[in-house]
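For reference, the structure discussed in these notes is given below.
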Amino acid sequence: MAVRRTDLYLPAHNEHMIEKAPTRGADVITLDLEDAVPLSEKAAAREIAKRWIPKMSVNGAESWVRINAWDTDLTMDDLDAVVMEGLDGITLPKCSGPDDVKRLDFMLTDLEKKRALPVGGIKMAILIETAIGIMNVDQAVWCSDRLVAVIFGAVDYTRDMRVTRTDEADEQFFARGKIGVAARAAGLVAEDAPFPNYADDAAFEANTRSGAQLGFEGRQIIHPRQIPIAHKVYSPTPERVEWAKKITKAFEEEGLAKGSASVGVDGQMIDTPVYRDGLNILARVKEIEEKEAAKRK
């Protein structure tokens, strides 16, 4: 499972913001050619993205680009500009279903072959931000081996649903839940929507925790101050890690080694599902440690 606790989005036409990005500590840096860039700046943004793509991963972050959606007639120009050595992945916005995923996969394969890049090396994430996208997400997640993440877009989703977006996100519960389940079923990372009220740390943390309880393991970040909070929420707590070490050790030494599939630890019955939960926590810690080590190289 990829570590994508934080996915820092930056408008691709703003070099002042971009040049500081590799020092921010995000797991993923995404240069945005879509909503953050005015139509008049799209061409310039592509050229800036081309220059900066190889530089985004210098401190261990992955280098991604969000292109414009298929219905804009800008998608192919975006892909032609940014598919290059050093690009880790492409995020497709306004994904409405399997056909959108298959089409992007096909075009990436074609460009990789033409440019002598490893076929399949550029990964994909899909942004689900419409009612039809939510209804089709459980089909879309299976349509490409390139897929590593499914991202929720709350602002466009609530606009499409004709409801008011709130920080509490009650109106997003069904959509977030469905994305979380679909992503987990396909072995992908569920990535939560950006939180517009970036100055309210408490509200951001509360919203992030509610998403984590629905299966989200990362989110889009629009301000660097959100990065440490998200990293804390999406990483197992020290107490949780110690619990996992304790119960897995007991299960293996006092249970499995003695022919039993259950063992009591501190008044709690530890059986196979609980043991597997502990293993998952320890595996997650190892992935995060490796990610952080890469940032320090």
In a GNM of the chain with a 10 Å cut-off on Cα contacts, which of T272, T75, T30 has the highest mean-square fluctuation?
-> T272
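Return a whole-number percent for the relative contact order of the chain, with Cα pairs under 8 Å and 6 or more residues apart as the contact set.
Details: 526 pairs, mean separation 48.5, N = 297.
That works out to 16 percent.
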Using a 1.4 Å probe, what is the accessible area per residue for segment 101-151, in Å²?
-> 45 Å²
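What does the C-alpha gyration tensor say about the overall shape of segment 149-243? Classify as rounded when a/c is under 1.5, otherwise prolate if a/b is larger than b/c, or oblate. It would help to have the intermediate numbers written out before the result.
Details: a/c = 1.95, a/b = 1.22, b/c = 1.59.
Taking the square roots of the gyration eigenvalues as a ≥ b ≥ c, segment 149-243 is oblate.
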Tell me, what HN-Hα J-couplings in whole Hz come from the Karplus equation 6.51 cos²θ - 1.76 cosθ + 1.60 at θ = phi - 60° for each residue of segment 228-235, using x for Gly and Pro?
-> x, 5, 5, 4, 5, 5, 8, 10
If you find the alpha carbon centre of segment 44-117 and of segment 122-175, how far apart are they in angstrom?
-> 19 Å
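Given contacts defined as C-alpha pairs under 8 Å and at least six residues apart, what's the relative contact order of segment 168-265, whole-number percent?
Details: 80 pairs, mean separation 22.2, N = 98.
Relative CO of segment 168-265 lands at 23 percent.
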Protein accessible area in the chain, 1.4 Å probe - carbon and sulfur % | 54 percent
For the chain, what is the percent of antiparallel DSSP beta bridges, rounded to the nearest 5?
-> 10 percent
Read-out log10 I(q)/I(0) by the Debye sum over Cα atoms at q = 0.10, 0.12, 0.13, 0.15 Å⁻¹, candidates [x] -0.50, -0.74, -0.88, -1.19; [y] -0.56, -0.79, -0.91, -1.17; [z] -0.63, -0.78, -0.86, -1.02; calculated match is [y]
Cross-link reach list, aspartates and glutamates versus K249, counting only Cα pairs under 17 Å and skipping chain neighbours closer than eight places | E239, D266, D271, D277
Show that you can apply the helix-only estimate: for the chain, add -39,500 (n - 2.57) for every DSSP H stretch of four or more residues, divide by all residues, and state [θ] at 222 nm to the nearest 500.
-> -13500 deg cm²/dmol
Segment 12-67 shape via C-alpha gyration tensor axes, a/c threshold 1.5 | prolate
Specify the angular offset, from 0 to 90 degrees and rounded to the nearest 10, of the alpha carbon long axis of helix 201-212 from the longest principal axis of the alpha carbons in the chain.
-> 70 degrees
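The values are calculated or read from the model by the stated rules, or taken from the named source; none is laboratory data. A quick note: this is a predicted structure, and the numbers were derived from the prediction, not measured. Just so you know, the surface numbers come from the protein's heavy atoms only, side chains and all, with ligands and any DNA or RNA stripped out. Shrake-Rupley method; radii C 1.70, N 1.55, O 1.52, S 1.80 Å.
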